[in-house]
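The values are calculated or read from the model by the stated rules, or taken from the named source; none is laboratory data. On a predicted model such as this, the values are computed, not experimentally measured, just so you know. Methodologically, a virtual Cβ is constructed for each residue, glycine included, from the backbone with ideal geometry; neighbour enumeration extends over all protein chains shown.
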Amino acid sequence: MAKVPQRSAATLPDDGLPITRRLSVVADRFEEGLRPRVGKLLQAAKEATRQLAEVDLVRFEADAEEGTHSLAVWEEVAPVMGQTVESVNRLIAVANDVFPAPDQPDALDNLDEAFGPSGGNPLPEVEVVEPQEQGIARTVFAVCGVLRQDVARLGERLRNPTVVADPWNLIADLLEFRGRLRAGIGEMIFDVAARVDELTRADIVPGYAEDLVQAVLVRQAATNLAFLFRGHAKRIGQSADDRIAAALQDALRDVHAFTRTRALHALRTHDKRIFLEARAQMHKLGRDKAPPAREIRHAAENLARFLESLSVINRRENLRLHDREQLAAAGRAVESARQRVAQPSRARIALTEAVRAAAALYGRDAQLDAYLRAQRHFPADWLADPELPAEIERFAGLLGAVSPP
């Protein structure tokens, strides 16, 4: 059986790492009758999350001229598939043992409903205080129902000849499925923990912090490449036919730089496929002795549009939660700068803190992105004292124009 390539051990908390200790502390805060059952559930959920860590099924040779790649074959995908189903079934068995299903209607169809008020049922007109055991059992029942349905759907997809015949489709389905399972199990852990402690998801959900760092990295790198490549596409479009090959080579240098980053590995499989195929086409055009100018312009424009479309990453729930916190932190720092405007040195420190907080939002708003790019050359910390009041208001206006995450 082929070895399953796992993500780095940093995302796989063992019994000596803080997140596992936090899970134990959370379990200990429940009443005596619930304590061992919650502990067993959280341990099983943590183990399932560990087993569902991301796997690398697309191999790169980033230092090659074209950044070539290959896909995992069925001998590698099959054990990952088996491990995925086993992990889910093992968690469901433990969950059903410690928190048997309550008397409720059929399982819900998706995780949004599972974590909605009253497990997707209409809210009662009179608020009812729900016992902890009943609330946990309801959440566990809802999540396990969705996990079962996802396993069944994956089985249906794997019986579809068009999916199995295309390695890209097969890998995309598998990795998307595993990511959805991790997210659902993580929300169950957070839902249980939030009943007895004020914690963030990064504090208590295994792998959440690492997934968030990866999402921020993808957004920042993709935003940089989209900005650079839009300029390349414009220059290629305006170049004379005898100079277009040189413009194409300039564009490919930035494409290659992106290829060497961790962001390429972290792209969703569907996006990775589009990028790799577009890059291969452009490299082929670049090697031709007499490349057709119209095809080069068309390929560059298509890649530019695709890179801009990657802004949909902002819809990811972990980024939405992260951005809400960062936007609030930047807003508080700006208000602090306003209050200290009569003390330039202190106002400058506060404005610098606001910009630093907003830097984590790079890729969410085009106007804020432009400001942050300018900060790389002339940071707010360099501003002369008389310039501070206007700059504070300018930055406050940019933050106010950012759409709420």
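Key figures
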| read-out | value |
| --- | --- |
| Test: residue in the range 171-181 that is under 30 Å from G33 (Cα atoms) and either assigned by TED's automatic domain parsing to the domain that holds L34 or hydrophobic (A, V, I, L, M, F, W, C) (or both) | yes |
| Pair list, Cβ < 7 Å and 6+ apart or interchain, from the range 229-247 residues that are over 14 Å from E308 (Cα atoms) to residues that are in a loop (DSSP other than H, G, I, E, B) | A245/P291; A247/S239 |
| Test: T223 is part of a helix (DSSP H, G or I), of a type in the set (S, T, Y) and touching an Asp or Glu at 6+ places or on another chain (Cβ under 7 Å) | yes |
| Subset of the range 357-390 (residues that are more than 25 Å from R315 (Cβ to Cβ) and in a helix (DSSP H, G or I)) | A374, Q375, A380, D381, W382, D385, P386, E387, L388, P389, A390 |
| Positions within the range 353-386 being under 24 Å from the mean Cα position of the chain (by Cα) and of a type in the set (G, A, S), in sequence order | A354, A357, A358, A359, A360, G363, A366, A370 |
| The lone exception for R279 - which of (1) buried (at least 19 other Cβ atoms within 10 Å of the Cβ); (2) without any contact (Cβ under 8 Å) to a residue 40 or more places away in the chain it fails | (2) |
| Residue count, the range 189-201 (criterion: buried (at least 17 other Cβ atoms within 10 Å of the Cβ) and either in the same structural domain as R268 (by TED's automatic domain parsing) or within 24 Å of Q51 (Cα to Cα) (or both)) | 6 |
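Each row is one residue, and each column tells you yes or no for (1) within 22 Å of Q220 (Cβ to Cβ); (2) crowded, with 19+ Cβ neighbours inside 10 Å; (3) without any contact (Cβ under 8 Å) to a residue 40 or more places away in the chain.
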position	(1), (2), (3)
L264	yes, yes, no
F275	yes, yes, yes
R287	no, no, yes
P291	no, no, no
A304	yes, yes, no
N318	yes, yes, no
L321	yes, no, no
E325	yes, no, yes
A330	yes, yes, no
